[in-house]
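Okay, so here's the structure we're looking at.
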Amino acid sequence: MRLSIRVHLDYGFPKPADVLLQIEAAAQRDQRLEAQSLTIRSDHPIRAVAGEEGIGQRCWARGDRRLVADYAATVHIARDAVDLSALPATPVAELPPEMIAYLLPSRYCESDRLEHWAQRRFAGLSGGALAMALMEWVHANLQYGWTDSSGRSGALETFAQRRGVCRDYAHLLVALARAVEIPARCVSAYAPGVDPPDFHAVAELWLDGAWHLMDATGMARANELARVAVGRDATDIAFMTIFGTANLLAQTVEVVRLPDTGTQP
């Protein structure tokens, strides 16, 4: 799978503010950047820093009256389909130490508040079969609605309201996975077919020694997702964090499938 990605951001600032951008697709083993460019029109210096877990790149910019950013990339996805239902469970005490943070509750993934329900609802399942059951439950029981999320809602609120946007689906799946002792994290990504076109958020669960992407909205398959960033929840993966206030003037995200050239990364 090859993807063409184009992003345009245009924001106005009533007062100068620092801005942390996280919009560049990550260069990883299962996704190769064939080409990319990021242009930020600003009168202030730009500084790049590593993303969470060393995945992807963040960019510090300064919003002063106006900040315009344009990003373009061609990404080759080389990610094989995996039968998750066949993957075994890993006892928590045998997990790598870096997985511990992804077993614990976080700001928007209140897994401790969902433990009793999840362990009772999915009793008898384990490993990949359990992960698939969680994703299928979230997909079947939430209603997708662009205006249904405040941007500050967590997994518990989404569980109660049974509606939300992609970040809410991801938060709930991650929280439920942690509640049944499967390490899980949130991932910001680009994907074709997202409706309406925008930055996308999915979950990634640790099963049988590897991370596996899972989109509970059903809008994207694992082999057509281009990771941007990973983290505990939306706090870590936001495409733009503004340390002040800003006004949206224009924003577009376009992700298009390209013909596969047959080359290997």
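Couplings 3J(HN,Hα) of segment 24-40, computed from phi: 8, 4, 7, 7, 9, 4, 9, 8, 10, 8, 6, 7, 7, 8, 10, 10, 10 Hz, in residue order, whole Hz [Karplus 6.51 cos²θ - 1.76 cosθ + 1.60, θ = phi - 60°; x for Gly and Pro].
Mind ranking MET99, MET132 by accessible surface for me, highest first, 1.4 Å probe?
Working: MET99 5, MET132 50 Å².
From most accessible down to least: MET132, MET99.
Over the Cα atoms of segment 119-244, each weighted equally, I'd like the Debye log10 I(q)/I(0) at q = 0.10, 0.13, 0.21 Å⁻¹, rounded to two decimals. Listed by q, the Debye log ratios stand at -0.28, -0.47, -1.26. For segment 246-252, backbone phi angles converted through the Karplus equation (6.51, -1.76, 1.60; θ = phi - 60°) give residue-by-residue couplings of 8, 10, 6, 9, 7, 7, 9 Hz, Gly and Pro being listed as x.
Element breakdown for the chain at a 1.4 angstrom probe: carbon and sulfur atoms account for 49% of the accessible area.
Hey, got the dipole for the chain? About the Cα centre, +1 on K and R Cβ, -1 on D and E Cβ, debye to the nearest 20?
540
Surface exposure of the chain, expressed per residue as accessible area with a 1.4 Å probe, stands at 47 Å².
Convex hull over the Cα atoms of the chain, averaged projected area in nm²? Can you show the working numbers first?
Working: hull surface 55.5 nm².
Its average projected convex-hull area is 13.9 nm².
Distant-in-sequence amide contacts of ARG163, defined by a placed amide H-H separation under 5 Å and a gap of 5 or more residues or a different chain, comprise GLN143. Against the chain, whose longest principal axis comes from its Cα atoms, helix 127-141 is set at around 70 degrees. Once you treat every alpha carbon in segment 60-111 as an equal point and sum by Debye, what is log10 I(q)/I(0) at q = 0.17, 0.20, 0.24 Å⁻¹? For segment 60-111 at q = 0.17, 0.20, 0.24 Å⁻¹, log10 I(q)/I(0) is -0.93, -0.95, -1.00. Counting every pair of alpha carbons in segment 139-201, the share spaced more than 17 Å apart comes to 39 percent.
Between the DSSP loop rule and a limit of at most 11 other Cβ atoms within 10 Å, which chymotrypsin sites (Phe, Trp or Tyr not before Pro) in segment 94-177 are left?
Values: sites: TYR102, TYR108, TRP117, PHE122, TRP137, TYR144, TRP146, PHE159, TYR169; in loops: TYR108, PHE122, TRP146.
Qualifying residues, ordered by number: TRP146.
Exposed loop sites here are trypsin sites (Lys or Arg not before Pro) assigned a DSSP state other than H, G, I, E or B and surrounded by at most 10 other beta carbons within 10 Å; excluding them, the longest clear run of the chain is 30-151.
The values are calculated or read from the model by the stated rules, or taken from the named source; none is laboratory data. As the structure is a computational prediction, the values presented were derived from the model and not from experiment. Quick reminder, even Gly has a Cβ in these numbers, built from the backbone with ideal geometry, and neighbours come from all protein chains shown. Quick note on the areas: whole protein, heavy atoms, side chains included, nothing else; ligands and nucleic acids left out. Shrake-Rupley method; radii C 1.70, N 1.55, O 1.52, S 1.80 Å.
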